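The values are calculated or read from the model by the stated rules, or taken from the named source; none is laboratory data. Values in this document were obtained by computation on a predicted structure and should not be read as measured data. Heads up, the Cβs are rebuilt from the backbone with ideal geometry, glycines too, and the neighbour counts pull from every protein chain shown. Quick note on the areas: whole protein, heavy atoms, side chains included, nothing else; ligands and nucleic acids left out. Shrake-Rupley method; radii C 1.70, N 1.55, O 1.52, S 1.80 Å.
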Amino acid sequence: QYPREVIAMAPRYRGHTKLLAETDNPEKNKCTACQICVRSCPSGSIVRVAGEKKEGEKRKTATEYILDFTTCSQCGICVEVCPFDALAFSHDYNRAVYTREECVFDLVKELKRKTVQ
């Protein structure tokens, strides 16, 4: 019944990497753009992480996090090395696309889109 029913994924399923939101402010992500995940990625699939420090905040916040999922090996190193626990694996299993460009995600925009829904 797959197309009509959503499949319940196992809790340890590894989809593409996703950003996690702050617990007290779900519209703000936990990423501080420290670049540790970029340096530790063996596939080089994390293309760009940019952030800025907004006025009145104590630390930087990621404004752009570009992930090229076509080269990601889903090894989990980026999730493990993140000192702020800002990354996790999504449970998104149905990523059927027609072009490679559709597999390049801005994870900050994805997080904002999911908090709006």
Pair list, Cβ < 7 Å and 6+ apart or interchain, from segment 82-110 residues that are at pLDDT 95 or above to residues that are assigned to a helix (DSSP H, G or I) and among the hydroxyl-bearing types (Ser, Thr, Tyr): none
Those residues of segment 102-113 which are in a helix (DSSP H, G or I), open to solvent by less than 50 Å² (accessible area, probe 1.4 Å) and among the acidic types (Asp, Glu), in sequence order: 110
Candidate set from segment 1-42 (those that are touching a residue at least 12 places away in the same chain (Cβ under 8 Å) and basic (Lys, Arg)); member that is most open to solvent (accessible area, probe 1.4 Å): 14
Pick from segment 54-89, criterion β-branched (Val, Ile, Thr) and open to solvent by less than 30 Å² (accessible area, probe 1.4 Å), ranking: nearest to residue 103 (Cα to Cα): 66
Condition broken by residue 116, with the remaining ones in (1) farther than 22 Å from residue 9 by Cα; (2) among the aliphatic types (A, V, I, L, M); (3) open to solvent by less than 80 Å² (accessible area, probe 1.4 Å) satisfied: (3)
The one condition in (1) in a strand (DSSP E or B); (2) of a type in the set (D, E, K, R); (3) within 27 Å of residue 6 (Cβ to Cβ); (4) out of contact with any Lys or Arg (no Cβ under 9 Å at 6 or more places or on another chain) that residue 18 fails to fulfil: (4)
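Conditions tested, residue by residue: (1) touching a Phe, Trp or Tyr at 6+ places or on another chain (Cβ under 7 Å); (2) closer than 17 Å to residue 91 by Cα.
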site	(1), (2)
5	no, yes
22	no, no
31	yes, no
55	no, no
59	no, no
69	yes, yes
Filter pass, residue 51 being open to solvent by less than 80 Å² (accessible area, probe 1.4 Å), free of Cβ contacts under 8 Å to residues at least 24 places away in the same chain and over 14 Å from the mean Cα position of the chain (by Cα): yes
